[in-house]
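FYI, it's all coordinate maths here, none of it is from the lab. Because the structure is a prediction, the values reported are computed rather than measured. Here the Cβ positions follow ideal geometry from the backbone for every residue, glycine too, while neighbour counts run over all protein chains shown.
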Amino acid sequence: MEPTATTALSLPRSIEEIRAEFPILARQVHGQQLAYLDNGATAQKPLAVIETLDRYLRVHNANVHRGVHTLSEEATALFEEARLIMASHLGASRHEVIFVRNATEALNLVAYSWGRTNVKARDRIVVTEMEHHSNVVPWYQLAQEKGADLDWAPIDGEGRLDLDALASLLERGPKLVCVAHVSNVLGTINPIPEIARMAHDAGALLVVDGAQAGPKLELDMAELGADFYAVTAHKMYGPTGVGALFGRRELLEEMPPFIGGGSMIRKVSKELITWADLPAKFEGGTPAIGEAIAFGEAVRWLDELGLPAVHATEVELTSYALERIAEVPRLTVFGPPAGDERGGIVSFAMDGVHAHDVSEILDRHGVAVRAGHHCAQVLMQRLGVPATTRASFAVYNTRDEVDRLIEGLLDTRRIFGE
Amino acid sequence: MDELYRDQILEHYKRPHHFGRPDDYDLEFEDSNPFCGDEQHVFLSLDEDGRVREVGFEGQGCAISTAATSLLTDELEGMTREEILGLPKEFVLDLLGIDISATRMKCAMLGLKVVKGASLGEPADWEDEGEQGDPAEAASL
């Protein structure tokens with residue numbers, strides 16, 4: 001393992017100490033030590049998160065915002081503390097942080113609540129060619145229902161958003177611009193502050209899918225300029241089943257509820273139902289309480305490591321991976337060149353070998369990667385491939401693991417023929 | 001590497017039998033595997049007795065799906081539509097002769113599903129393979 005002395009920003013603990021916080025990294029797969037390079041799908045969980053969830057279930061478990069007994073008060077306090085941690089992480093107020101199931105639900109909340117109130121026939125919505133289906137399908141459904149139109153902002157040959165083309169689409173006066181902060185396939189980091197200025201100048205709101213950015217980048221909502229921003233806990237070293245939507249307060253105040261049920265009402269009578277204040281208005285039903293509390297712990301853990309150092313570590317590892325992967329014959333890498341504008345994601349296609357076969361052979365080497373269309377079929381069509389193989393890095397990954405990825409790829413090449 | 005990528009499978013993947021669209025055909029069907037995006041398009045021509053005279057297929061897929069369909073097409077000539085519709089999944093697994101994991105079962109079965117669709121002229125009744133594997137394997141860790 002090489003030291004990371006070349007990074008300007010260093011982590012507060014050694015990579016060995018950080019790895020020791022993740023029990024699963026000691027696992028064997030097919031008789032090899034696990035090299036987990038599928039962090040874009042979900043990240044592994046540190047002990048701090050595992051123990052927080054375990055402690056909640058053992059000690060504090062109760063429903064929130066209901067009982068006037070000790071456990072319920074504890075659970076409520078911990079749940080609302082998690083919201084404050086998230087609000088502070090995002091530079092937002094607690095009224096602007098809605099707990100949801102995942103980033104997909106966060107984006108659907110905006111599409112159903114804001115979208116169905118504000119989007120009319122012949123309105124336009126801009127999405128990009130690099131979007132995950134979760135930031136396409138809700139807008140497609142909305143457009144179908146309302147008779148609105150989707151415009152696709154193209155990417156350039158290196159996998160960056162074509163901002164000139166976006167500017168042209170903005171001249172058509174769209175209501176919304178929907179864009180990923182970090183592409184889950186290309187690793188491209190989109191210039192959100194600039195896109196926000198462009199969208200706002202054109203009178204559009206900006207919806208950002210931050211699912212991949214959450215574990216990598218500092219997220220200051222004022223600086224980014226997003227009107228809505230979606231994150232999911234499980235990619236940020238937290239549990240599955242919980243995510244968060246940031247929405248600007250004046251927008252959320254005007255929006256109707258999304259899911260009707262318990263917790264989200266002020267008063268229910270036979271004649272009239274009125275809505276709870278923010279954020280409860282958007283949190284119908286019992287939430288994933290322990291998971292939200294553990295999400296808060298994951299964010300605290302990430303903030304303690306420091307996201308600039310996490311990002312710098314991943315950028316360095318990604319640069320190493322891009323350099324080494326060039327040694328593999330007949331392999332095409334997608335996305336921008338190595339550097340600060342590329343998050344820790346490396347997607348590639350091997351000539352004559354399907355992504356699933358690459359992934360299966362890597363698995364025999366103990367190396368876990370993702371293969372498939374990555375829920376980004378429009379991007380696959382743009383890249384002209386049915387599927388790609390993707391290695392995606394987290395703060396605990398090492399050069400040694402990248403070396404094992406390369407060995408596995410060379411073995412794949414041998415099996416399928418040079 | 002284990003037997004999954006043994007020579008016979010790789011040979012059928014690299015040089016699939018009956019690959020290509022015949023000049024004329026009586027039946028055709030196309031389907032894809034949403035899990036991985038594999039696509040296959042099968043063409044069948046029948047003789048006057050209603051038996052398969054010629055078969056061809058096109059598409060893109062992984063080693064398992066391509067080899068499975070290539071092996072299957074070797075067996076279809078002379079079969080009636082009813083005989084094709086009666087083929088069990090085990091027929092394809094026996095042709096492959098290797099263990100197929102739960103996640104790769106959809107790959108192995110795509111060709112059979114498409115061939116049955118061509119025989120019927122519409123999507124065949126198909127019990128989804130799901131992705132359920134053996135939970136005992138995970139529980140034993």
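Among the trypsin sites (Lys or Arg not before Pro) within segment A:137-181, those in coil by DSSP and having at most 14 neighbouring Cβ atoms inside 10 Å are A:Arg172.
For a modelled paramagnetic label at A:Arg66, 7 Å from Cα along Cα-to-Cβ, no residue of segment A:84-113 is in reach, as no backbone nitrogen comes under 17 Å. For chain A, modelled as a GNM with alpha-carbon contacts under 10 angstrom, which of A:Gly344, A:Gly243, A:Gly284 fluctuates the most? Greatest mean-square fluctuation among the candidates belongs to A:Gly284. Working from Cα pairs under 8 Å separated by at least six residues, relative contact order for segment B:1-92 is 29 percent. Restricting the calculation to Cα atoms, the protein assembly as shown shows an Rg/Rh of 1.00 when the hydrodynamic-style radius is the Kirkwood one.
FRET efficiency for the pair B:Glu137 and A:Arg94, taken as 1/(1 + (r/R0)^6) with r the Cβ-Cβ distance and R0 = 45 Å, rounds to 0.55. Helix A:70-90: angle to the longest alpha-carbon principal axis of chain A, degrees 0 to 90, nearest 10? That helix lies at roughly 60 degrees to the long axis. Label reach from A:Trp275 (point 7 Å along Cα→C-beta): in segment A:89-116, amide nitrogens under 12 Å belong to A:110, A:112-116. Amide H to amide H distances under 5 Å link A:Asp123 with A:Asp149, where only residues 5 or more positions off or on other chains count and H is placed in the peptide plane. Paramagnetic label reach from A:Ser168 (point 7 Å along Cα→Cβ; backbone nitrogen cut-off under 17 Å): within segment A:367-394, no residues. The loop-placed GluC sites (Glu not before Pro) in segment A:177-277, going by DSSP, that have at most 10 neighbouring Cβ atoms within 10 Å of their Cβ come out as A:Glu271. In this label model, A:Thr117 and B:Glu127 are separated by 4.9 nm, measuring between points 7 Å along each Cα→Cβ vector.
Relative contact order for segment A:1-138: 10 percent, from Cα pairs under 8 Å spaced at least 6 residues apart, divided by residue count. Between B:Glu54, B:Glu82, B:Glu127, the GNM of chain B built on Cα springs shorter than 10 angstrom shows B:Glu127 fluctuating the most.
State, as an integer percentage, the relative contact order of segment A:50-304 based on alpha-carbon contacts under 8 Å between residues 6 or more apart. It comes to 25 percent, rounded to a whole number. Ellipsoid fit via the Cα gyration tensor, segment A:105-234: semi-axes of 21, 17, 14 Å, each the root of five times an eigenvalue, largest first. Segment A:14-53 to segment B:1-44: how many Å between their Cα centroids? If you average the Cα positions of each part, the centres end up 38 Å apart. Shown for segment A:50-304: lysine pairs separated by 8 or more places, or found on different chains, whose C-alpha atoms are under 14 Å apart, numbering 5. Just so you know, the Rg over Rh for chain B is 0.99, from Cα atoms, with Rh as the Kirkwood radius.
Between the alpha-carbon centers of segment A:363-402 and segment A:70-148, tell me the distance in whole angstrom. Each part reduced to its Cα centre gives a spacing of 27 Å. Each label was represented as a point 7 Å from its Cα along the Cα-to-Cβ direction; for A:Trp152 and B:Asp49 these points are 4.9 nm apart. With contributions of -39500 (n - 2.57) from each DSSP H run of at least four residues, the per-residue ellipticity at 222 nm computed over chain A stands at -11000 deg cm²/dmol.
For the peptide A:359-372, the mean number of other protein chain Cβ atoms found within 10 angstrom of a residue's Cβ is 2. Calculated [222 nm] ellipticity per residue, helices only, for chain B: -11500 deg cm²/dmol; basis is -39500 (n - 2.57) per DSSP H run with n ≥ 4, divided by all residues, nearest 500. Build a GNM of chain A with springs between Cα atoms under 10 Å apart, and of A:Arg370, A:Arg13, A:Arg27 the one that fluctuates most is A:Arg13.
The trypsin sites (Lys or Arg not before Pro) of segment A:312-361 that DSSP puts in a loop, and whose beta carbon has at most 16 other beta carbons within 10 Å, are A:Arg330. Measure nothing but the geometry: give the 0 to 90° angle between the long axis through the Cα atoms of A:399-416 and the longest principal axis through the Cα atoms of chain A, rounded to 10°. Helix A:399-416 sits roughly 70 degrees off the main axis of chain A. Taking each residue as 0.36 nm, the span from A:Thr240 to A:Gln28 lengthens on full extension beyond its C-alpha to C-alpha distance by 74.0 nm.
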